[in-house]
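Report on one structure; see the data block that follows.
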Amino acid sequence: MDFVSSNNQSISLTDEQEAIVEANDDFMAITAFAGTGKTYTLKAFAQRRPRDKMLYLAFNKTLSDEAKVDFWDCPQVEVRTLHSLAYAYAGYKYKDTLGSFRVLELEKYLKATGLPNKISIARILYECLNQWMISSDVSIRTFMKGYSKKVQESLSEHKLSKKDIIPALELVWKDMLDAKFTMPHNGYFKLFQLSKPELGSIYKQILVDEAQDLNNAMISIILGFKGKKILVGDPYQQIYSWNGAVNALRKAEKMGAKPYYLTHSFRCPDHIASIANDYLRLLGSKKTFHGDPDGTGPHNDYPPVIIARTNAAIFDFAARFLDSHKIFYKGGFDSFQFEILKDINHLKNGNNNRISDPFISRFKNHESLESYVKDAIDIPMRVRLEVEKKYGQQVHTIFNAMRYKQSKNEMDADVVISTAHKIKGQEYGKVRLLEDFVELTDVLDRGIRYRDNKTKYVPVTISREEFQLLYVAITRAFGQLELPLRYRINESSITSFQKLVKKGNIVLT
């Protein structure tokens, strides 16, 4: 069956899409692989129900803006982000204190509650507070009762228990509410969740996009909705666990949502879908990803895109090619925060008066910053230290050249560079991956050979998101894909990996 698009063209639906559009379930969980037309499907679903007031929830503002364009001719559909709803409820009250805070800023709460003044304990406060804000738990005390054994183990090293740090956590939260401390976006969202918003009085149905990236606080709001709920996303594109993403699709299925699937890609040709399928099998997918047999290759007017795992690799690539290529930085040059490299170098050279970043300016010398990074386990800052160490005084010249020579328009660039996180949701005719992603053969080697001093096997822990980042990067291509050989995997390596996971040599988190 067909539906009419916004330009009055008749578009055929696949059998999978038609099953979703015709469904009348109260609770649906749709797994949609990369480029399988989920927006078309949801729009067709809405067009079949013109009298049903619907709320379309996008994961972020960029996706929300795109959805507003897609659904412009569906007046019964309101497009919002969950955070925009939360901001309208409580966030606006904290406009003067909105932002993010760092571990170092929590030291004063250690002193105020009689805890040892150590960065490692401040880091635990930081972790617990952030994890509570994105949890479904109502109180900090309830949350801490069931929270991580690793936290308790870390506290035990200081002869403390989880109960001992609760007063400090509650004091930070109180100061946030009183506008005496930075209110993070997850903080005002927590207030929204605690209010138990009832959206059913306004909307008959909610459509939730990118459901794999929702955290438990978001999920609790959606599950509290009394009307019909449709969650759609790709669990193999879940790459935000650092922000508490827990894959609402699987959670919904366990709670009775009827599963549906979109597996036929309108983006990736067969040869790219085949590579993606290898990673899907590695990650345990029961479904096969079907490519577009009529894939026509790259559009000549699109610049190629270079995708990296880290900002460090982006800086390294740009440093080598900025003289010969006009480079467009996906998400904007400033979003990569390269300028902080200059401040790290100023700190190393004792030029503290030239430091502009307020966080770096807190440190007396480079050694104290290194000590902080080690104790606080600040991985992004650690990567920046490594980049600065590689280039030293040259970071100033390279940074200025990168900024001056950047292309401000994507279509005028010779090349687009991005991390896999920033490029999610986009598509390009020609894609090349840099070599800073996790390599399966390396994981296998460590899983087989890595031992501790007692010659006992030590499990290798690897996040499934490392392989999902590769899946995301690979499936951005609708034409040509330049993939380093080290990232080509086969059935033998997949089987070996799964056996080592089963055996316990590799722990997939």
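The values are calculated or read from the model by the stated rules, or taken from the named source; none is laboratory data. Every value quoted in this text rests on a predicted model; they were computed, and no experiment measured them. As a convention, Cβ positions derive from the backbone with ideal geometry for all residues, glycine included, and neighbour counts pool all protein chains shown. The accessibility values were calculated without ligands, DNA or RNA, using every heavy atom of the protein model including side chains. Shrake-Rupley method; radii C 1.70, N 1.55, O 1.52, S 1.80 Å.
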Response to the item:
Screening LYS159, LYS163 for residues that are part of a loop (DSSP other than H, G, I, E, B) and open to solvent by 60 Å² or more (accessible area, probe 1.4 Å) leaves only LYS159
Discussion item. Going by what's in this entry, would TYR188 be described as in contact with a His (Cβ under 9 Å, 6 or more places away or on another chain) and at pLDDT 90 or above?
Written reply: yes
Worksheet item: Pairs under 9 Å by beta carbon, first residue at positive phi in the stretch 384-396, partner surrounded by 19 or more Cβ atoms within 10 Å (Cβ to Cβ) and part of a helix (DSSP H, G or I), six or more apart or different chains?
Response: GLY392/ASN345
Worksheet item: Any chance the stretch 224-235 includes a residue that's under 18 Å from ALA34 (Cβ atoms), of a type outside the set (D, E, K, R) and assigned to a loop (DSSP other than H, G, I, E, B)?
Response: no
Item to complete: Could you please tell me which pairs satisfy a Cβ distance under 6 Å, a separation of 6+ or placement on different chains, a first residue in the stretch 254-275 that is farther than 16 Å from TYR428 by Cβ, and a second residue that is open to solvent by 60 Å² or more (accessible area, probe 1.4 Å)?
Response: TYR261/LYS287; THR263/LYS287; THR263/HIS290; HIS264/HIS290; ASP270/PRO293
Item to complete: Quick one: which helices (runs of 4 or more DSSP H) lie wholly within the stretch 28-133 and hold at least 1 residues that are more than 30 Å from SER161 (Cα to Cα) and open to solvent by less than 20 Å² (accessible area, probe 1.4 Å)?
Response: 38-47, 61-70, 82-89
Worksheet item: Quick one: is LYS342 open to solvent by less than 50 Å² (accessible area, probe 1.4 Å) and of a type in the set (D, E, K, R)?
Response: yes
Discussion item. Please verify whether ILE222 is open to solvent by less than 20 Å² (accessible area, probe 1.4 Å), in contact (Cβ under 8 Å) with a residue 40 or more places away in the chain and more than 21 Å from LYS424 (Cα to Cα), treating the condition exactly as stated.
Written reply: yes
Discussion item. For a quick check of your reading: which strands (runs of 3 or more DSSP E) sit entirely within the stretch 380-485 and have at least 1 residues that are at pLDDT 90 or above and surrounded by 14 or more Cβ atoms within 10 Å (Cβ to Cβ)?
Written reply: 415-419, 428-433, 477-482
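Each row is one residue, and each column tells you yes or no for (1) assigned to a loop (DSSP other than H, G, I, E, B); (2) surrounded by 22 or more Cβ atoms within 10 Å (Cβ to Cβ); (3) under 25 Å from the mean Cα position of the chain (by Cα); (4) modelled with pLDDT under 90.
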| site | (1), (2), (3), (4) |
| --- | --- |
| GLY200 | no, no, no, yes |
| TRP242 | no, no, yes, yes |
| ASN277 | no, no, yes, no |
| HIS299 | yes, no, no, yes |
